[in-house]
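Structure first, commentary second.
Nothing in this text is a laboratory measurement; each read-out follows from the coordinates by a stated rule. Note that the structure is predicted; figures quoted are calculated from it, not measured. Neighbour counts run over all protein chains shown; Cβ positions are idealised from the backbone, glycine included.
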Amino acid sequence: MKEQLKSVHNQHVKNWKKLATKKFRRQSQRYLLDGWHLVAEALQNGAKVVQLIGTPDELAQHSDIVSRVEEVYEVTPEIIKHITETVSPQGICAVAEIPATYGMPSQLTGAWLMLDSVQDPGNVGTMVRTADAAGFAGVVVNEKTADLFSPKVVRSMQGSQFHLHLYNGDLKKWLAAFQRMGAPVYGTELNPAAQNCRKVKTPATFALIMGNEGNGMDRDLLALTDHNLYIPMRGRAESLNVAVSAGILMFQLNQSLQQDD
């Protein structure tokens, strides 16, 4: 089914615009994908794409993708610009269903990243993307962390949300679940008891927690971790961006997997 829309006042257009808000995303359990790369990644990885939105030229160039979506809307460039936050939109968007992100797997295996109150969407998306690249199994965020399906996080993840497990949850409960099965949970704080991340030998299953950009990890959560890690630095910089730190730690801790590859 293909429908032509030319007004930003159309109800469909209004709903797509509202997907920029966390409230409407949670109500509808849908979010917006902006650009061919994300749309193709979604379809390739079995995500549920419920609506495809594009300009006539863009839809005509990708008939193979268009044929895979039941609801297709041919819209003006003005509508595309209205519903996206991209400076130069590609002329194609899609509405996808948000997968179930609450609860916990019956069995926890592999490397997991937990985000405690990380508020910058770019940092969150970058860490999810890096976790994907480093071979992590999943990412867990608490309620104070930027929403995983906000437009800025989605742009920054670049499709990695389709490659690993994403969860919202109480990090203390997740931490306890790892420890019940004997899997270590690593915190990140520079203190006298902290360990050099390069000297830590990790088992196949473990978790790493990264904290807020300015305040670090929650003190109560930090007290429950098995070990706290630091990154040795040769230069004179006092600290690193949280996403950069997470990237270094994830590749270092999961190095056995990369060596096997």
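Need one number for the stretch 2-97: average projected area of the convex hull over its C-alpha atoms, nm².
5.6 nm²
Among VAL50, ILE79, GLN11, flag the residue with its Cα farthest along the positive direction of the charge dipole of the stretch 2-97, charges on Cβ as +1 for Lys/Arg and -1 for Asp/Glu. Ranked along the dipole, the leading option is GLN11. Kirkwood's formula applied to the C-alpha pairs of the stretch 111-260 gives a hydrodynamic radius of 15.2 angstrom. Candidates THR130, SER160, ASN196 compared by Cα position along the dipole of the stretch 111-260: farthest toward the positive end lies ASN196, with charges placed on Cβ.
Length available on full extension from GLU78 to VAL244: 0.36 nm per residue minus the Cα-Cα distance, which gives 56.1 nm.
For the chain, the extents of the C-alpha atoms along the principal axes are 63, 35, 33 Å, listed from largest to smallest. If r is the Cβ-Cβ distance from LYS2 to ASN168 and R0 is 30 Å, what FRET efficiency results, to the nearest 0.05? Taking R0 as 30 Å, the efficiency between LYS2 and ASN168 is 0.30.
Charge dipole (Cα centre; +1 on Lys/Arg Cβ, -1 on Asp/Glu Cβ; no other charges) of the stretch 106-179 amounts to roughly 60 debye. When the listed pairs LYS48/LYS81; LYS18/LYS152; LYS144/LYS172 are checked against a 19 Å cut-off, the alpha-carbon distance exceeds it for LYS48/LYS81. Taken along the Cα-to-beta-carbon direction at a fixed 7 Å, the label points for LYS17 and SER106 span 4.6 nm. Evaluated with a Cβ-only charge set (Lys, Arg +1; Asp, Glu -1), the chain carries a dipole of roughly 480 debye about its Cα centre, given to the nearest 20. Counted by Cβ distance under 15 Å from PHE149, the other residues give a net charge of +4, where Lys and Arg count +1 and Asp and Glu count -1. Between ALA204 and GLU70, the contour length at 0.36 nm per residue exceeds the alpha carbon distance by 44.1 nm.
Taking the Cα atoms of the stretch 1-57, the ratio Rg/Rh between the radius of gyration and the Kirkwood radius comes to 0.97.
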